[in-house]
1. Report the residue count in the stretch 70-98 for those that are in contact with a Ser or Thr (Cβ under 6 Å, 6 or more places away or on another chain), more than 15 Å from Glu199 (Cβ to Cβ) and not basic (Lys, Arg).
2. Of these, Tyr107, Tyr157, Tyr138, Tyr84, which one is surrounded by 15 or more Cβ atoms within 10 Å (Cβ to Cβ), part of a loop (DSSP other than H, G, I, E, B) and aromatic (Phe, Trp, Tyr)?
3. Going residue by residue through the stretch 173-185, is there one that turns out to be surrounded by fewer than 17 Cβ atoms within 10 Å (Cβ to Cβ) and in contact with a helix residue (DSSP H, G or I) (Cβ under 8 Å, 6 or more places away or on another chain)?
4. Consider only pairs whose beta carbons are under 9 Å apart and that are at least six residues apart or on different chains; among these, list those whose first residue lies in the stretch 133-150 and is under 17 Å from Lys77 (Cβ atoms) and whose second residue is basic (Lys, Arg) and crowded, with 18+ Cβ neighbours inside 10 Å.
5. When residues of the stretch 22-60 are filtered for being within 19 Å of the chain's Cα centre (by Cα) and either of a type in the set (A, V, I, L, M, F, W, C) or farther than 13 Å from Phe318 by Cα (or both), how many remain?
6. Run down Lys77, Lys91 and say which single residue is of a type in the set (Lys, Arg), closer than 20 Å to Leu201 by Cβ and assigned to a helix (DSSP H, G or I).
7. Could you identify the single residue in Gly65, Gly50 that is surrounded by fewer than 23 Cβ atoms within 10 Å (Cβ to Cβ), modelled with pLDDT of 95 or more, touching a His at 6+ places or on another chain (Cβ under 6 Å) and outside any helix (DSSP H, G or I)?
Amino acid sequence: MSNTDASPTKAFSTLDARLEQALASGHIAGLHALVLTRDGRTIAERYFSGRDYTWGVDLGVVDHGADMLHDLRSVTKSIVSLLYGIALERKLVPPPEAPLLDALPRYADLADEARRRITIADALTMSMGTLWDETVPYTSAANSEIAMEQSPDRLRYALDRPIVEPPGRTWTYNGGAAALIGAVVAEGVGQPIEDFAREVLFKPLDIDRFEWIRSWDGVAAAASGLRLTARDLAKIGNMMLAGGRWNDRAVVSPDWIERATTSRFDANPDNGYGYFWWTGTSTLPSGGDPLPWYAGFGNGGQRLLVLPAARIVLSTFFGNYDQPEFWLPPARLWTDVILPALSD
């Protein structure tokens, strides 16, 4: 079949069998939830029992279901990008090329010559040029995000890291950048980011249940604290697929979606990075040109992946937190189950 012409009822005829085989083999261990849509129509929806955590707090074995909220972890960053885009469209926040410190005036004392060169875009692309390390386990204070969360002023910590190279030159994964953009949004809109999200994103999408975990200072954790259902996460992907519209209502500008999901750095050999959105391509087993996708990725296997050419949205929840050896299952679900089933 072609990449775009199969109807939802004809596509994915082998999905169930492929999924059962992958589950039995252990190749997609830790799967909690899966919602797959095509052209906005649900193709597959599955839920499983499994041990779960929320921001490190053990919830025990949870019987996951359609109404169950789940940590998004760093998919939260991608949602924060959308919120910044909405605020930008409303002229409530400075544009990406503006100096980051100008948007956070209470930290004006940090505005030395080098730090003033850091722009909002440098934060959105994780290219601030500051010393930051999230390669060590998130159970260790040597991890920069954990050190930020334990500091007396999280934003000051993220802003005041030593500058090791000019901003805008090199991509370095940086949860502090998301905390700073979250603060820029809250500062600009004059309300906590979770309240702004409820008003401008969740309510228009009929998302009436969510949680946003707060750090010790009472501020919502913009790097990793959002909790949604798998269905509602898929709604966000479908809204983006529809050019930022939902039920004939404009939610996010199509211009911002394009800007945010355009690769600006090579984050690793396989993936690019835009404004808090990962980018890449996939080739169907049946052949054809590589198809571009964009996605939010979260610790443990959380995913929101959009494949525009095939009108596909996939949201997944896994429980493999802080276990790098188990970060392959979401990729295997995509390459060994979804793409082959799409090709059949």
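1. We begin by selecting, within the stretch 70-98, every residue in contact with a Ser or Thr (Cβ under 6 Å, 6 or more places away or on another chain); these are 71, 73-74, 76, 89, 97.
Now narrow it down to the ones that are more than 15 Å from Glu199 (Cβ to Cβ): 71, 73-74, 76, 97.
Those left that are additionally not basic (Lys, Arg): 71, 74, 76, 97.
Of the residues in that region, 4 qualify.
2. Criteria check complete, one pass: Tyr138.
3. no
4. Sorted first by the residue in the stretch 133-150, then by its partner, the pairs are Ser144/Arg161; Met148/Arg154.
5. 8
6. Lys77
7. Gly50
Residue-by-condition table, conditions (1) over 26 Å from Tyr321 (Cα atoms); (2) touching a strand residue (DSSP E or B) at 6+ places or on another chain (Cβ under 8 Å):
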| position | (1), (2) |
| --- | --- |
| Ala221 | no, yes |
| Arg231 | no, yes |
| Ala234 | no, yes |
| Asn247 | yes, no |
| Glu258 | yes, no |
| Thr262 | yes, yes |
| Ala267 | no, yes |
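The values are calculated or read from the model by the stated rules, or taken from the named source; none is laboratory data. Computed from a prediction, not measured in an experiment: that's the story for all the values here. Note: ideal-geometry Cβ built from the backbone for every residue, glycine included; neighbour counts use all protein chains shown.
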